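Take a look at the structure set out below.
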Amino acid sequence: MEAPGGRQGVRPWLGRGLSMAVALGVGLGTVSACDPLLGDVEIETARLSADPGTTEQPVASLDAGGGAPAPACEPQSRRCVDGRLERCNEERNGWDVVDQCASAELCELTRETGNPICESPRCEPEERRCRAETLTVCNAGLTGFDDERECEAAVFCDPESGSCLTRSCEAGELRCNGAQIEACNRDGDAFEPIDAAPCGSAALCTRTGDGDVSCRTAVCGAGDFRCVGDSLLQRCATGRDAWEDVRTCATLELCDAAPGAAGCRPAACQDGERRCSNDVLQECRPSRDGFDVIANCGAAGCNPTTAECRDPCLVGVRRCAGASVEACADPLTGWRVVSTCSTNAVCDVTAASGCREAACPANARRCRGASLERCNAQRTGFELVEVCATEALCVPNGANNARCAAPACDAGERECNGRTLAICNSDRTGFDEVACGLLGCNANADPPNCRGL
């Protein structure tokens, strides 16, 4: 095919030889162009099927013996499917998407290596460059440039407008030819690269309104990924002039730029999910990348069936545990003893201190009539110890230590002391004496008495 201007079109990347074309998985096409090594041939990229006949995930089939399903793929193996780079999953029963290549061809370039990757685009969509008088355009696969048209001379090829001009350039005039800044030479008949490194990409080579051409600073590095916003994974655009959205992860914490396009890690748990781990209760954290401990269930433990503490600690609540007053200030620390009452019975969380005042001192004794009483074990009141022989024989010994004294005599007991009759008093604390006079006391009487009475 004769190109405009009488010059034959040549695909620029094919000039490196047929061996490279074969290595990249391309086929031979129609003869129509001129190459100094191959002769008049044109080689066109062949679209290779990443998985012949289907793009669906394979289903593991039973082995010949009807036993366990045979693996669908080899561990960590990769493949290309319509521009998707896929990797065999851990179960070996299907494929996970690792990356979405910019084009199917960029994945196919390395497919035959057995470990394909997403190659970086060789050019940007609709990018044009001049190769001498030939205007070239980035091909659909982004793997290189195809000839678009031939201008009458190199000076007429204008990559910025994507057309052939009809005028020569002015000396010193600048332009972008891809990422390379070029200047019109003194004769005004050709553009030549300036004495400076090319810009970071064609998109970063820009012209201002006054005709000045310069390189903009790259927004990001080639191949860079980042996580932004709530959960967005982005990659650096081919032109390094912007960030492109790749996918939205479940949460920002599950977004990981390190693995590239596969940087959305699976959630470890679901919103609100709870579980028991030994004696603690855990809940899925908002980031869904793991569990946080929300309660220490203590000795009662955690119920795995209901995912609740068997003895839940409710903040602000107090309770009695025997003589101990327990309070819940934080479910993570559980119930804590804040005070201890003298006995179980006087623990009362309605009281300010959690303990009612004891009715009596521990082990205190008192007299109640002839009854000797002792403070009970719960210190809620007194209980009977014994009944003294008489009320007078229940003897206080200090404020809280009464006792029963032994009777000094038996009720009704009498005895003669010379002319005096001694009679045991009603309190049995001693004898009352009665003077018997001249006749004296009859000790032989039963009971003894004063003679003559």
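The values are calculated or read from the model by the stated rules, or taken from the named source; none is laboratory data. This is a predicted model, so every value here is computed, not measured. Cβ coordinates were reconstructed from backbone atoms using ideal geometry, including for glycine residues, and neighbour counts include every protein chain displayed.
So, THR166, is that one without any contact (Cβ under 8 Å) to a residue 40 or more places away in the chain and polar (S, T, N, Q) or not?
Against the criterion (without any contact (Cβ under 8 Å) to a residue 40 or more places away in the chain and polar (S, T, N, Q)), THR166 qualifies.
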*Can you tell me which residues in the stretch 213-241 are within 23 Å of PRO266 (Cα to Cα) and outside any strand (DSSP E or B)?*
GLY223, ASP224, GLY229, ASP230, SER231
*asked:* Looking only at strands (runs of 3 or more DSSP E) that lie completely in the stretch 347-453, which have at least 3 residues being at pLDDT 90 or above and surrounded by 13 or more Cβ atoms within 10 Å (Cβ to Cβ)?
replied: 365-368, 371-375, 382-387, 414-417, 420-424
*Taking THR238 and the conditions (1) free of Cβ contacts under 8 Å to residues at least 60 places away in the same chain; (2) under 30 Å from CYS101 (Cα atoms), which numbered condition does it fall short on, given that it satisfies the others?*
(1)
_Lone qualifier among ALA203, ALA242 - being out of contact with any Leu (no Cβ under 9 Å at 6 or more places or on another chain), within 19 Å of PRO125 (Cα to Cα), small (Gly, Ala, Ser) and surrounded by 19 or more Cβ atoms within 10 Å (Cβ to Cβ)_ = ALA203
*Taking CYS276, is it touching a strand residue (DSSP E or B) at 6+ places or on another chain (Cβ under 6 Å), crowded, with 18+ Cβ neighbours inside 10 Å and not basic (Lys, Arg)?*
yes
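Does at least one position in the stretch 263-282 carry a residue that is closer than 30 Å to ILE117 by Cα, in contact (Cβ under 8 Å) with a residue 24 or more places away in the chain and not hydrophobic (A, V, I, L, M, F, W, C)? Working first, answer last.
Going through the stretch 263-282, the residues closer than 30 Å to ILE117 by Cα turn out to be 263-268.
If we keep only those that are in contact (Cβ under 8 Å) with a residue 24 or more places away in the chain too, we end up with 263-265.
Narrowing the set further to residues that are not hydrophobic (A, V, I, L, M, F, W, C) leaves 263, 265.
Among the residues of the stretch 263-282, at least one is closer than 30 Å to ILE117 by Cα, in contact (Cβ under 8 Å) with a residue 24 or more places away in the chain and not hydrophobic (A, V, I, L, M, F, W, C), which makes the answer yes.
Tell me, please, whether a residue that is of a type in the set (Phe, Trp, Tyr) and assigned to a helix (DSSP H, G or I) can be found in the stretch 88-96.
Within the stretch 88-96, the subset of a type in the set (Phe, Trp, Tyr) is 95.
Now narrow it down to the ones that are assigned to a helix (DSSP H, G or I): none.
So far as the stretch 88-96 goes, no, none of its residues is of a type in the set (Phe, Trp, Tyr) and assigned to a helix (DSSP H, G or I).
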*asked:* Just to verify a result, which residue in the stretch 149-173, among those that are over 14 Å from PHE191 (Cβ atoms) and crowded, with 17+ Cβ neighbours inside 10 Å, is farthest from the chain's Cα centre (by Cα)?
replied: GLU150
*How many of the residues making up the stretch 261-309 are β-branched (Val, Ile, Thr), outside any loop (DSSP other than H, G, I, E, B) and more than 14 Å from the chain's Cα centre (by Cα)?*
1
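Which of the residues that make up the stretch 181-212 are in a strand (DSSP E or B) and among the charged types (D, E, K, R)?
Start the filter on the stretch 181-212 by keeping residues that are in a strand (DSSP E or B), which leaves 181-184, 191-193, 205-207.
Result: GLU182, GLU192, ARG207.
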*Restricting to the stretch 97-116, what's the tally of residues that are within 17 Å of ALA72 (Cβ to Cβ) and surrounded by 15 or more Cβ atoms within 10 Å (Cβ to Cβ)?*
1
_Single condition THR248 does not satisfy, out of (1) surrounded by 18 or more Cβ atoms within 10 Å (Cβ to Cβ); (2) free of Cβ contacts under 8 Å to residues at least 60 places away in the same chain_ = (1)
*Which numbered condition GLU124 misses (of (1) touching a residue at least 40 places away in the same chain (Cβ under 8 Å); (2) exposed (fewer than 14 other Cβ atoms within 10 Å of the Cβ))*: (2)
*Please indicate, with yes or no, whether at least one residue in the stretch 86-97 is of a type in the set (S, T, N, Q), at pLDDT 85 or above and touching a helix residue (DSSP H, G or I) at 6+ places or on another chain (Cβ under 8 Å).*
no
*Among the residues of the stretch 196-212, is there at least one that is touching a Phe, Trp or Tyr at 6+ places or on another chain (Cβ under 8 Å) and not hydroxyl-bearing (Ser, Thr, Tyr)?*
no
*Does the stretch 129-151 hold any residues that are touching a residue at least 40 places away in the same chain (Cβ under 8 Å) and not in a loop (DSSP other than H, G, I, E, B), and which are they?*
ARG129, CYS130, ARG131, THR134, THR136, PHE145, ASP146, ASP147, ARG149, GLU150
*Looking only at the stretch 174-198, and only at residues there that are within 56 Å of the chain's Cα centre (by Cα) and of a type in the set (Asp, Glu), the one that is surrounded by the most Cβ atoms within 10 Å (Cβ to Cβ)*: GLU182
_Consider the stretch 312-335. How many of its residues are part of a loop (DSSP other than H, G, I, E, B) and either surrounded by 15 or more Cβ atoms within 10 Å (Cβ to Cβ) or touching a residue at least 40 places away in the same chain (Cβ under 8 Å) (or both)?_
5
